[in-house]
Amino acid sequence: MTDSPVPAQAAAEAPASVLDLAPVLPVVVIDDLADAVPLARALVAGGLPAIEVTLRTPVALDAMAAIAAEVPDAVVGAGTVISAANVDAAVRAGARFLVSPGWTPALLAAMKSSGVPFLPGVSTTSEVVALLEAGVREMKFFPAQAAGGAPYLKSLASPLPQARFCPTGGVSPKNAPDYLALPNVGCVGGSWMLPADAVKAKDWDRVEALAREAATLR
């Protein structure tokens, strides 16, 4: 993490737990900055207030800033966080939580210092135990389906009941209920409520309808 201070406002507005905001955490890739605000409004209206904007496009940080400024009911966060620089830039853009596909000691230290909740990515039991040892109990399970799916997480519930997960990667409306039925799953991550053709057509009513269906999965 850089030595730059984290804005106090960002830390103060951070949610207590991202896992408890809604059953589904939309994973959003924004290519057109003009889509950010209407897309976020559609997701919020559909009952999905937490929005993970992935740091995969040049406009991602500006998109987070726009959502934070113009959609007050949204809880916008940053995804694909893989460095301390990402952590700092995302929080400064208004991110209220952070999500990484994996973690290293340096990245974990940066996320811990950010002042906002975070979900470091894991795919093995050893990674889960290492995070528990570091005092972290909420994690992203990624890539969920490829790493063993709901049966894998079910097998962790008894020996590691302290850990809670947001499985992401290959999650769909068909298998999401299997994950959400597990005691160690707080929410699932996915992008099915944002089909490419709907976003391209600016069909925000369709996005809202799909978000509303996702919000009822638990």
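What follows is calculated from the coordinates using simple rules that are stated; it is not laboratory data. If you're wondering where the values come from, they're calculated on a predicted model, not measured in any experiment. FYI the Cβ positions are ideal-geometry reconstructions off the backbone, even for glycines, and counts take in every protein chain you see.
In the range 42-76, of all residues being of a type in the set (D, E, K, R) and more than 13 Å from the chain's Cα centre (by Cα), the one that is nearest to LEU119 (Cα to Cα) corresponds to ARG56. Of all residues being in contact (Cβ under 8 Å) with a residue 60 or more places away in the chain and assigned to a loop (DSSP other than H, G, I, E, B) in the range 54-112, which is surrounded by the fewest Cβ atoms within 10 Å (Cβ to Cβ)? Just the residue, please. Residue satisfying both the conditions and the ranking: GLY94.
Starting from residues that are of a type in the set (Gly, Ala, Ser) and surrounded by 15 or more Cβ atoms within 10 Å (Cβ to Cβ), keep the ones in the range 165-191 and report whichever is farthest from LEU131 (Cα to Cα).
Initially, the range 165-191 is screened for residues of a type in the set (Gly, Ala, Ser), giving 169-170, 172, 176, 181, 186, 189-191.
Keeping just the survivors that are surrounded by 15 or more Cβ atoms within 10 Å (Cβ to Cβ) gives 169, 176, 186, 189-191.
Details: GLY169: 20, ALA176: 25, GLY186: 17, GLY189: 20, GLY190: 23, SER191: 26 Å.
Applying the filter and picking the extreme gives SER191.
Checking each residue in the range 137-161 for being more than 26 Å from ALA16 (Cβ to Cβ), surrounded by 16 or more Cβ atoms within 10 Å (Cβ to Cβ) and either within 18 Å of the chain's Cα centre (by Cα) or of a type in the set (A, V, I, L, M) (or both) picks out PRO143, GLN145, ALA147, GLY149. Each residue in the range 191-212 was checked for being in contact (Cβ under 8 Å) with a residue 60 or more places away in the chain and either hydrophobic (A, V, I, L, M, F, W, C) or on the phi < 0 side of the Ramachandran plot (or both), and 12 of them qualify.
To keep it simple, each residue is scored yes or no on (1) surrounded by fewer than 19 Cβ atoms within 10 Å (Cβ to Cβ); (2) in contact with a Lys or Arg (Cβ under 7 Å, 6 or more places away or on another chain).
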| residue | (1), (2) |
| --- | --- |
| VAL116 | no, yes |
| GLY135 | yes, no |
| ALA163 | no, yes |
| MET193 | no, no |
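Within the range 113-127, the only residue that satisfies the criterion of being free of Cβ contacts under 8 Å to residues at least 40 places away in the same chain, assigned to a loop (DSSP other than H, G, I, E, B) and under 14 Å from the mean Cα position of the chain (by Cα) is PRO120.
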